[in-house]
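**Q** Take a look at this one; I'll ask things after.
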Amino acid sequence: MSVTYIRDTETFTVPERLPVLPLRDLVIFPYVVTPLIVGRPATLAAVETALEEDRFIFLVAQRAAEVEEPAAADLHRTGVVGRIGQITRLPNGTARVLVEGIARARVTRYAPTGAFVRAVAVPAPIDRVTSPSPRLRGALDLFEEYVALHRRLPAEVAAMVQGAPNEEQRAYGVAAHLTVGTDRRQELLEADSLETLVDRLTATLTTELDLLRLERKIDDDVRGTLFRNQREFYLQEQLRAIHRELGEEDADDLSEVEAQLAAKALPETVMTRARRELRRLRKMSPMSPESTVARGFLDWVLALPWTERTATRPDVARARAALDEDHYGLVDVKERILDYIAVLALVDRPESPILCLVGPPGVGKTSLGRSIARALGREFVRMSLGGVRDEAEIRGHRRTYIGAMPGRVVQAMRRAGVVNPVILLDEIDKLGADYRGDPAAALLEVLDPEQNRAFNDHFLEVDYDLSDVLFVTTANSLAGIPEPLRDRMEIIRLPGYLDPEKIAIARRFLIPKQLERNGIDRARVEIGDDVISAVIRGYTREAGVRELERRIARLARKLARRDAEEPTAERQRIVVAASELHALLGAAPFDEEDRSLDDKVGVACGLAYTSAGGEVLEIEVTVLPGRGKLALTGTLGDVMKESASAALSYTRSRAQALGIERDFHRTRDIHVHMPAGATPKDGPSAGIAIATALVSALTGVPVRGDVAMTGELTLRGRVLAIGGLKEKSVAAHRCGVRHVVIPAANARELDELPEEVRNAVVFHPVKQMDQVLALALGAVPAGASTHASAPLAH
C-alpha cells in the first residue's frame, strides 16, 4: 500500500511502511536538505533498504540520545518523510547520506522487521487556514538579527530564508537554523498549525536573542579591556624609549624606588634582597602578575621601620606619675614596669620582657598596655588575637598566593613606624587552631627573646629584629594558653578590685568621664561614697569595673535628662542620694544579704576561681534514707565529681572517729548540690568543702557560716595546694567571709595578697582534713592565729 504526500505543487507517492532512520540530537524539518553520518548497523540497514526500494525513509528523533539501539518506545511519533538524494560510503564502515525533508508525518505504529524498525506513517500536513503574515514578518526580522549575532551562521542564511516561495517554507527554514535543544526543535516540528509554529519561533528567537546580546556585550567588554591594556603597554614602552633617547632614565617610577632604597638605612641582607627584586622588576612586563608581587615586596620593605626608634628618656618618677594617673591600684604591674624603666636608665639595650597580664574582664588589662607605652614614651599598637585561627595571620602569606600580605606582627610594626614600640597582644588565650595551622605555635618565635631577633615573615622572607619591642599580652585565664607559649612570658596576675578600690576608681576616673561624656558639669554633681558603694553592692557583682562604669553611665544619662527637662534658670546643684538609686537605675539585681553567714548543717562555703575572677560557692549536702546512692547535681565536671567521690571515701574511712554509723553508705542516699546549676563547675579545689559539708550532714553539726575553704582532698585526708589563691581571697573578702581555710602549701602566697584582705580575713593553713573539721565544726576557743590551724572564734 502507498500514501500520497502533497508539498505545494508537488505530489509524492510513498509506501505506507517506511524504514526508520533514528536521529540523535537532531530534528529534520520539511523543505530542508541535511547531510547525515550513518554508522549504527540498524540505521545502515534501514538506509540500504530505502535505496533498494524507492529511496524514501522516515526521519524521526530519539527521545534519549544515549540509547544505542532504540525501540518503538524510544522514538517520537512525529517525524518527517525524507528522500535520500546521495550516499557516500566511507572507509571506516560508516556512510554520509544526504536527505531531503519531504513532508511531515505521524506514526500510527512501529513494526520491528529484523535488523531495523519500520514505521506505519500517515501525512500530517500543517494547517494553513489562518495566515500569520504580520507575525511571520516579525519572526523573520528577529531571525535576521539572530543570524547577525550568531557566530556560526553565515549572513546568507537570512537572505535564503527570506527568499523562500511560501510562508510554510520560510517558517521551517527559520526552525531548521535555530541552534536550540532537541526537545525544543521537536516542539517546533509538532506544531499543528502555521500560526502556532510562528508563535513558538517568536518566543524561541526572543529568548535566544537575549542570550546572544549578553554574550556579545561580554565579548565586547573583554575585547575592549584587552585593547586598552595592549594600548597602555605599547604607550609605556614608547615612553620608556623616548626617555632613553633623551637621557631621562630617572624619570621612571622604579628609579624613584631605587632612590628610596639608597636613602633608607637597611640591613645589608635586606638591601641585597631588595636590589635583586628591583632588578627582576625592571626586566618584567608591567602587565605580569609577578611584577605586582615584586613591587608589593619593595613597598613593604620601604614602609617598615628598620633603624628608626623612639628616643626613650628613662625617667622613673615621670613613669610612676603616668601609671598612677591612668590606673588606681595594680601595684604588682606598676612595680614591674618601673623596674624595667630603671634598667633602661642603666643599660643601653636591655632584654625586653614579655609581660602577660592575667585577670578577669574589666580590671584594666588592655588600657594598662596603653599606659605602659605612655609611661615609656613609646608608640603603642594593639593587636586583637581573639578568634584568630590561621597561622598565616601571624607569619604572613607566601608571595606565591594572590593577595598575599605580611602577618599581623609585621603590619603592627609598620603602623608603629619605629623598632621599639609597645605592642599589646590582646586576648591571647582566645587563639584558635584548625587545618590552616596553629597561631599559638607561630607566636613562639615572636615572644621568645632568644629568637625574635631574627623573626622571619613568610611574605618578607628576610629576618626582622623584634628584640626592641616590648610585648604585653593579656588573657582572662592561663588555661587557654599552651604551656610552651606560657613558658616564654612573665605572668602578672590582676586578681580584681576590692570595694574601696572600686570606689576610688569610680570617683577618680569613671564618674568624671561619664559626666563629661553626657554634658553635665562635674562641679554641679555630688555623688557620695555611700551611693557608689550601694551601686557596687546592689547593681554589680564582678571583679573588674566594666559593669560599674555602665551603671554610672546610665546614672549620668538620667541626670542629663533631668537637667534637660528643667529650665536653665532653675538648674541647681545635683545631689544624688542612695535612696534615689531605685528610681534612677531600677531594681537592684543583687541582694547584699543574699549569702547568709549563719551556721548551717550540711552547707559549706567553697572558693572557686573562674575567668571572671574569684567566687564564693555554697556546697549543699543532704542525707536521705536509701541504699547508698551518691547523686551529684549542679553541672559538675569530671574532676569535681571525682572530688566528691574522694570526699565520700574519706568520710567512710573516718566514720568511727567522727561518730558516724559505719554502714551509713548502705542505708542512706547522699545528694551533693552546688547552686547556680546552669553554670559549669570543675576542678579539685572544692574537695575539703565537699567533705566538710558531708560530715556536717551526717553528724548534724552545723558548719561555721563565716568560714570559707579551698583545697584538694586525698583519700588519706591530706590537703593539697590549689591555684588562684589571690582571686579566691578577694572574693571571700568581698562577700564578708572572716575566716578562710587554705592548704599549708599555699601559706607562702599570703604575703602577696592585698593588705586590706590580709587585715580583714584570717587565714588558716592546714595539712590534714581533720584540721579542717576541727576549724569548721569543732570547739571555739578564743584567739585564732592568721597562720595557725587552731579552732575559730566567733
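**Q** Among the residues of the range 267-286, is any under 39 Å from the mean Cα position of the chain (by Cα), part of a loop (DSSP other than H, G, I, E, B) and at pLDDT 80 or above?
**A** So far as the range 267-286 goes, yes, one or more of its residues are under 39 Å from the mean Cα position of the chain (by Cα), part of a loop (DSSP other than H, G, I, E, B) and at pLDDT 80 or above.
**Q** Could you tell me whether GLU351 is of a type outside the set (Phe, Trp, Tyr) and either touching a helix residue (DSSP H, G or I) at 6+ places or on another chain (Cβ under 6 Å) or at pLDDT 85 or above (or both)? Explain how you work it out, then say what you get.
**A** Values: of a type outside the set (Phe, Trp, Tyr): yes; either touching a helix residue (DSSP H, G or I) at 6+ places or on another chain (Cβ under 6 Å) or at pLDDT 85 or above (or both): no.
So GLU351 fails the test.
**Q** Can you go through ALA73, ALA65, ALA61 and tell me which one is of a type in the set (A, V, I, L, M) and touching a Lys or Arg at 6+ places or on another chain (Cβ under 6 Å)?
**A** Values: ALA73 fails: touching a Lys or Arg at 6+ places or on another chain (Cβ under 6 Å); ALA61 fails: touching a Lys or Arg at 6+ places or on another chain (Cβ under 6 Å).
Only one candidate passes the filter, namely ALA65.
**Q** Select from the range 183-218 the residues that are touching a residue at least 40 places away in the same chain (Cβ under 8 Å), among the hydroxyl-bearing types (Ser, Thr, Tyr) and either under 13 Å from PHE29 (Cβ atoms) or open to solvent by 50 Å² or more (accessible area, probe 1.4 Å) (or both) and list them in ascending order.
**A** Selection gives THR206 alone.
So that you can scan it fast, the table gives a plain yes or no per residue for (1) in contact with a Gly (Cβ under 7 Å, 6 or more places away or on another chain); (2) modelled with pLDDT under 90; (3) not in a strand (DSSP E or B):
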{"position": "ALA693", "(1), (2), (3)": "yes, no, yes"}
{"position": "ALA732", "(1), (2), (3)": "no, yes, yes"}
{"position": "GLY736", "(1), (2), (3)": "no, yes, yes"}
{"position": "ALA747", "(1), (2), (3)": "no, no, yes"}
{"position": "VAL780", "(1), (2), (3)": "no, yes, yes"}
{"position": "GLY783", "(1), (2), (3)": "no, yes, yes"}
{"position": "THR786", "(1), (2), (3)": "no, yes, yes"}
{"position": "ALA790", "(1), (2), (3)": "no, yes, yes"}
{"position": "HIS794", "(1), (2), (3)": "no, yes, yes"}
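**Q** Can you name the number of the only condition in (1) more than 41 Å from the chain's Cα centre (by Cα); (2) in contact (Cβ under 8 Å) with a residue 60 or more places away in the chain that PRO743 fails?
**A** That leaves (2) as the condition not met.
**Q** Which ones in the range 13-31 are more than 60 Å from the chain's Cα centre (by Cα) and open to solvent by 30 Å² or more (accessible area, probe 1.4 Å)?
**A** Looking only at the range 13-31, we keep the residues that are more than 60 Å from the chain's Cα centre (by Cα), and these are 13-21, 30-31.
Scanning the range 13-31 gives THR13, PRO15, GLU16, ARG17, TYR31.
**Q** Among the residues that make up the range 80-92, is at least one of them over 25 Å from ASP183 (Cα atoms), in contact with a Ser or Thr (Cβ under 9 Å, 6 or more places away or on another chain) and aliphatic (A, V, I, L, M)?
**A** No.
**Q** Could you identify the single residue in ALA121, ALA95 that is touching a strand residue (DSSP E or B) at 6+ places or on another chain (Cβ under 8 Å), in contact (Cβ under 8 Å) with a residue 12 or more places away in the chain, open to solvent by less than 10 Å² (accessible area, probe 1.4 Å) and over 22 Å from TYR5 (Cβ atoms)?
**A** On the way: ALA121 fails: over 22 Å from TYR5 (Cβ atoms).
Exactly one of ALA121, ALA95 is touching a strand residue (DSSP E or B) at 6+ places or on another chain (Cβ under 8 Å), in contact (Cβ under 8 Å) with a residue 12 or more places away in the chain, open to solvent by less than 10 Å² (accessible area, probe 1.4 Å) and over 22 Å from TYR5 (Cβ atoms), namely ALA95.
**Q** Quickly run through the range 669-682 and pick out the residues that are open to solvent by less than 20 Å² (accessible area, probe 1.4 Å) and at pLDDT 90 or above.
**A** Correct list: ILE670, VAL672.
**Q** While we're looking at this one, here's another question. How many residues does the range 75-92 hold that are farther than 24 Å from THR11 by Cβ and within 60 Å of the chain's Cα centre (by Cα)? Show your work before the answer.
**A** Step one: list which residues in the range 75-92 are farther than 24 Å from THR11 by Cβ, which gives 75-77, 87-92.
Subsequent filtering for residues that are within 60 Å of the chain's Cα centre (by Cα) retains 75-77.
Final tally of qualifying residues: 3.
**Q** What is the number of the single condition among (1) under 30 Å from GLU10 (Cα atoms); (2) part of a helix (DSSP H, G or I) that PRO165 does not meet?
**A** Status for PRO165: all satisfied but (2).
**Q** Have a look at SER685, SER643 and point out the one that is outside any loop (DSSP other than H, G, I, E, B), touching a strand residue (DSSP E or B) at 6+ places or on another chain (Cβ under 9 Å) and surrounded by 16 or more Cβ atoms within 10 Å (Cβ to Cβ). Quick ask: steps written out before the conclusion?
**A** Details: SER685 fails: outside any loop (DSSP other than H, G, I, E, B).
After ruling out the rest, the residue left standing is SER643.
**Q** Looking at the range 307-319, which of its residues are out of contact with any helix residue (DSSP H, G or I) (no Cβ under 6 Å at 6 or more places or on another chain) and either crowded, with 17+ Cβ neighbours inside 10 Å or more than 27 Å from VAL409 (Cα to Cα) (or both)?
**A** THR310, ASP315, ALA317, ARG318
**Q** Scan ARG414, ARG398 and give me the residue that is open to solvent by 10 Å² or more (accessible area, probe 1.4 Å) and within 30 Å of ARG313 (Cβ to Cβ). Steps first, answer last, please.
**A** On the way: ARG398 fails: within 30 Å of ARG313 (Cβ to Cβ).
Just a single option satisfies the conditions, and that option is ARG414.
**Q** Here's another thing I want to ask about it. Mind checking whether some residue in the range 451-464 is surrounded by fewer than 20 Cβ atoms within 10 Å (Cβ to Cβ), part of a loop (DSSP other than H, G, I, E, B) and touching an Asp or Glu at 6+ places or on another chain (Cβ under 8 Å)?
**A** Yes, the range 451-464 contains a residue that is surrounded by fewer than 20 Cβ atoms within 10 Å (Cβ to Cβ), part of a loop (DSSP other than H, G, I, E, B) and touching an Asp or Glu at 6+ places or on another chain (Cβ under 8 Å).
**Q** What is the residue count in the range 702-754 for residues that are among the hydroxyl-bearing types (Ser, Thr, Tyr) and either open to solvent by 40 Å² or more (accessible area, probe 1.4 Å) or over 21 Å from LYS600 (Cα atoms) (or both)? Walk me through how you get there before you give the answer.
**A** Going through the range 702-754, the residues among the hydroxyl-bearing types (Ser, Thr, Tyr) turn out to be 710, 714, 729.
Narrowing further to those that are either open to solvent by 40 Å² or more (accessible area, probe 1.4 Å) or over 21 Å from LYS600 (Cα atoms) (or both): 714, 729.
Residues that pass the stated criteria total 2.
Every residue, every condition in (1) buried (at least 16 other Cβ atoms within 10 Å of the Cβ); (2) over 27 Å from LEU357 (Cα atoms); (3) modelled with pLDDT of 85 or more, yes or no:
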position	(1), (2), (3)
GLU516	no, yes, yes
ARG541	yes, no, no
LEU559	yes, yes, yes
VAL576	yes, yes, yes
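**Q** Can you name every one of the helices (runs of 4 or more DSSP H) wholly within the range 302-408 that holds 1 or more residues which are of a type in the set (Asp, Glu) and closer than 30 Å to VAL730 by Cα?
**A** Fully inside the range 302-408 and qualifying: 316-326, 331-346.
**Q** Looking only at residues that are more than 21 Å from GLY93 (Cα to Cα), within 60 Å of the chain's Cα centre (by Cα) and without any contact (Cβ under 8 Å) to a residue 40 or more places away in the chain in the range 48-67, which one is surrounded by the most Cβ atoms within 10 Å (Cβ to Cβ)?
**A** Looking at residues that are more than 21 Å from GLY93 (Cα to Cα), within 60 Å of the chain's Cα centre (by Cα) and without any contact (Cβ under 8 Å) to a residue 40 or more places away in the chain, I get ARG63.
Table: residues versus (1) touching a residue at least 40 places away in the same chain (Cβ under 8 Å); (2) not in a strand (DSSP E or B).
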residue: PRO112; (1), (2): yes, no
residue: PRO125; (1), (2): yes, yes
residue: ARG152; (1), (2): no, yes
residue: GLN169; (1), (2): yes, yes
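**Q** Check THR474 against each of (1) closer than 16 Å to GLU549 by Cβ; (2) crowded, with 19+ Cβ neighbours inside 10 Å and name the one condition it does not meet.
**A** (1) is the only condition that THR474 fails.
**Q** Also, quick follow-up: With respect to VAL672, is the statement that it is hydrophobic (A, V, I, L, M, F, W, C), under 38 Å from the mean Cα position of the chain (by Cα) and either farther than 26 Å from VAL545 by Cβ or assigned to a loop (DSSP other than H, G, I, E, B) (or both) true?
**A** On the way: hydrophobic (A, V, I, L, M, F, W, C): yes; under 38 Å from the mean Cα position of the chain (by Cα): no; either farther than 26 Å from VAL545 by Cβ or assigned to a loop (DSSP other than H, G, I, E, B) (or both): yes.
For VAL672, the condition - hydrophobic (A, V, I, L, M, F, W, C), under 38 Å from the mean Cα position of the chain (by Cα) and either farther than 26 Å from VAL545 by Cβ or assigned to a loop (DSSP other than H, G, I, E, B) (or both) - is not met.
The values are calculated or read from the model by the stated rules, or taken from the named source; none is laboratory data. Bear in mind that the values here come from a model prediction, so they are computed numbers and not experimental data. As a convention, Cβ positions derive from the backbone with ideal geometry for all residues, glycine included, and neighbour counts pool all protein chains shown. Surface areas here come from the heavy atoms of the whole protein model, side chains and all, with no ligands, DNA or RNA. Shrake-Rupley method; radii C 1.70, N 1.55, O 1.52, S 1.80 Å.
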